Amino acid sequence: MGVGKILVDRNQLVLNNNKIKHFFMIYPPYLKVGDKIAIVSPAGKVNPEIVKHGAERLREEGFEVEIGEHAFTETGIFAGTDVERAGDMQKALDDGSVKAIIFARGGYGSLRTQQLLDWSNFMQQPKWLVGFSDITVFHAFLYQRGIASVHGVMPAFFDQNGVPSESFRLTIDLLKGKTPWFKEANHPLNRNGEASGKLIGGNLSIVYSLRGTPLDLSPEGNILFIEDLSEYHYHLDRMMMNLKTSGVLEQLKGLVVGHFSDMKDGDTAYGKEAAEIIREAVDDYDYPVMFGFPAGHVMPNYPLIMGAQIQLSVGEKESRLNFQL
């Protein structure tokens, strides 16, 4: 089966062909025009207008869209009660006509939702789950079960300057079977090298919160991707020290660092920026480290296939991240 691949060099797209090889991960079927996508809210309460506009963008791409019954419900900070949120997601998981689930937003609450779900029907008929931030909970859950998912944009990131964003276009292309290859300029804190392994991780705060649970990282021989938003620099160091002292960082084959946006100091400055804190935490190891990958809580927010085998190449002039599907 031939699959188109997109080389993303910021402003240049080149289409190539390659054969699929699954590397022991299950890849849900790719989408085609006319397929149904469900939008559900498993965590924080949402802005209905943003989600409705996002649904229209998906319809413009030729998809049928179904929004969860409780997607716009508000219960404190959540999009409804745990039972309501889980009910919407359970319906989407069990509905065989739904070919992908795109989450309305992150926020907080995915782990509470996940604990109430029955995944047995989904495991018999996997479908793409798409989102980032708090949605890292579901990426971790699916990785443990050998099913790939997409760390990709949610409705608030579908548009940029009033038109569909490049990140949205790449995510839709990926869901249709066109796998992106990424090329980025050198970063001064990069560590050069070559590595291959399965891509794990997501939002660092969620990764940290899952330590010691059944959804904890499986670092050995894998490549970790991390990103985060609005954390204090000292707390970023705390999270990185947890990964270091517990042996997670030493077991990796490589590290990919996305956006660390709106990071902050307390009354006393920590003295290092986010990239410096992360680089210091991995100074004892010799695997490649790529900073500045365009994914996270600001644009561009390019899609990543979590659980997929990747080839990471960090060089003097540029870095490449290629999926080996």
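No lab work stands behind these numbers, since they all come straight from the coordinates. Since we're looking at a predicted model, the values are computed, not measured. Because the Cβ atoms are built from the backbone with ideal geometry, glycine has one as well, and the counts that use them run over all protein chains shown.
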| the chain: projected area of the alpha-carbon convex hull, averaged over directions, in nm² | 16.1
| task | Give the distance, in whole Å, between the Cα centre of segment 150-193 and the Cα centre of segment 268-325. | result | 14
| query | Taking Cα centroids, how far is segment 47-89 from segment 197-246 in Å? | reply | 28
| said: Charges at C-beta only: +1 for Lys and Arg, -1 for Asp and Glu. How large is the resulting dipole of segment 24-178 about its Cα centre, in Debye rounded to 20? | reply: 380
| task | For segment 197-203, just list the computed ³J(HN,Hα) in residue order, Karplus coefficients 6.51, -1.76 and 1.60, θ = phi - 60°, integers in Hz, with x standing in for Gly and Pro. | result | x, 6, 8, 10, x, x, 5
| said: Going Cα to Cα from K264, which lysines come in below 20 Å? Please leave out same-chain ones fewer than 8 positions away. | reply: K272
| Considering only DSSP beta bridges whose two residues both sit in the chain, what percent are antiparallel, to the nearest 5? | 50
| Whole-Hz Karplus ³J(HN,Hα) for segment 252-267, in order, using 6.51 cos²θ - 1.76 cosθ + 1.60 and θ = phi - 60°, x for Gly and Pro? | 6, 9, x, 9, 10, 10, x, 5, 10, 9, 6, 6, 8, 10, x, 4
| Remind me, what semi-axes does segment 237-311 give for its equivalent ellipsoid, largest first in whole Å, using sqrt of 5 times each Cα gyration tensor eigenvalue? | 22, 19, 10
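Averaging the inverse of every distinct alpha carbon separation and then flipping it gives the Kirkwood radius. What is it for segment 182-323, in angstrom units?
Taking every pair of different Cα atoms in segment 182-323, averaging 1/r and inverting gives 15.1 Å.
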| message | What number results when the radius of gyration of segment 129-250, computed over Cα atoms, is divided by 2.2 N^0.38 Å? | response | 1.15
| message | Using Cα-Cα distances under 8 Å and only pairs 6 or more residues apart, what relative contact order does the chain have, in percent? | response | 19
| remark: Mean-square fluctuation maximum in Gaussian network of the chain, Cα pairs under 10 Å, restricted to P214, P42, P303, hits P214
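How many percent of Cα pairs in segment 24-178 exceed 26 Å?
Counting pairs separated by more than 26 Å, the tail of P(r) holds 17 percent.
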| field | Rg/Rg_ref, segment 149-207, where Rg_ref = 2.2 N^0.38 Å and atoms are Cα | value | 1.40
